[in-house]
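Here's the structure we're looking at; comments come further down.
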Amino acid sequence: MIDETFSLPALGWNDYWTAVMAEVETPDAEPARVIRRDRGWIRVATATEVRSIEIAGQTGELVTGDWVAVAGDRLLATLPRRGVLRRSGRGGVEQLLAANVDIVLLVCGLDRPVTPGRVHRGAVQAWDAGAQPLVVLNKADLFDDSPAVARAIADETPGLEVLTVSSKTGAGLERVREAIGGKTAVLLGESGAGKSSLLNGLAGRELSEEGAVRESDSKGRHTTVRRELFLLADGGVVIDTPGIRAFGLAASTESVEAAFEDIESLAQNCRFADCGHVTEPGCAVKRGIEEGALRPERLETYLGLRKELESQIIRANPHVRRRQERKFARVVQEAQRVKGRNPED
């Protein structure tokens with residue numbers, strides 16, 4: 001929720017956006033930030049007020065966190081994004097979650113198993129958006145050995161900071177506030193992980209409705225139904241998002257590499273530049289596993305994510321897909337030819 005105490009700098013406006021806004025050649029244009037997107041409408045905050053603007057029939061997809069140029073109740077332009085947090089939804093359709101994000105808080109509830117795979121996926125998408133991922137293990141008051149879980153996740157995700165907090169007691173929230181500072185953060189996690197309670201704890205007041213969680217499976221109902229931007233009193237903004245059950249990747253292979261810097265560092269010493277780290281001789285990554293410098297499970301996750309992204313690229317690009325199909329057809333023909341020379345097969 002945005003109140004009358006906000007200002008553009010508090011919402012994330014800085015010299016960079018001032019320079020971008022100068023390119024909008026409309027005399028009466030003023031900057032505003034999208035704080036909520038509804039069907040056919042956006043809710044924006046300007047330097048003086050919050051207002052609703054109709055966008056029905058306009059081209060281009062707006063998302064919470066976008067900076068726009070407006071004049072009264074008219075949308076004039078969307079300023080170029082510095083990055084966008086996205087995911088692959090049903091049928092491979094890309095879904096935009098938030099724009100111009102600095103930090104992605106990967107919220108996991110300690111009242112349920114915390115899977116490194118989910119953290120890895122969130123980290124890849126954060127890097128893809130040009131944002132810094134930060135793991136937040138919430139509901140520490142419900143789990144006796146939260147430090148052990150934090151150490152396990154930290155071991156599985158080297159390079160990522162892992163924080164243990166309790167939205168109920170306030171423990172650990174100050175470190176999260178420090179990490180956000182005056183930046184834009186987005187909450188990402190499954191339903192029931194405690195994103196809304198974390199937001200309320202960071203704000204020191206109720207900004208978002210909190211939902212009950214079933215005791216049988218620790219699943220929560222979707223209390224957050226849209227992505228909305230909230231202003232924190234001590235600086236920074238937080239975008240709350242609905243719970244995400246499955247996080248389909250919508251990123252580049254470079255984002256995967258950024259999330260696995262330890263593997264990429266080892267790979268620089270592989271014998272072959274295009275080493276797949278599976279059966280190739282002289283693989284420094286496999287040697288790292290043998291020497292105990294890398295956990296085999298981490299390499300397995302890395303290879304799985306790379307394979308998933310490469311498959312998406314092939315499906316999405318007709319030229320690449322046809323090239324792969326022709327290559328596969330040649331392999332089949334060669335196999336059939338060889339089999340014809342060996343009647344015993």
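The values are calculated or read from the model by the stated rules, or taken from the named source; none is laboratory data. These figures come from a predicted structure and were not determined experimentally. Quick reminder, even Gly has a Cβ in these numbers, built from the backbone with ideal geometry, and neighbours come from all protein chains shown.
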In the range 65-90, what residues are aliphatic (A, V, I, L, M) and touching a strand residue (DSSP E or B) at 6+ places or on another chain (Cβ under 6 Å)?
Val68, Ala69, Val70, Leu75, Leu76, Ala77, Leu79, Val84, Leu85
Under the condition of being of a type in the set (Gly, Ala, Ser) and surrounded by fewer than 18 Cβ atoms within 10 Å (Cβ to Cβ), which residue from the range 78-90 is modelled with the highest pLDDT?
Gly83
Being within 21 Å of Thr18 (Cβ to Cβ) and of a type in the set (A, V, I, L, M, F, W, C), is that true of even one residue in the range 111-121?
no
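Residues checked against (1) hydroxyl-bearing (Ser, Thr, Tyr); (2) crowded, with 20+ Cβ neighbours inside 10 Å:
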residue	(1), (2)
Ile42	no, yes
Thr48	yes, no
Ala69	no, yes
Val93	no, no
Val101	no, yes
Inspect the range 52-63 for any residue being outside any strand (DSSP E or B) and among the hydroxyl-bearing types (Ser, Thr, Tyr) and give the result as yes or no.
yes
Quick test of your reading of the structure: Glu280 fulfils all but one of (1) without any contact (Cβ under 8 Å) to a residue 12 or more places away in the chain; (2) in contact with a Phe, Trp or Tyr (Cβ under 9 Å, 6 or more places away or on another chain); (3) under 24 Å from Leu97 (Cβ atoms). Name the failing condition by number.
(3)
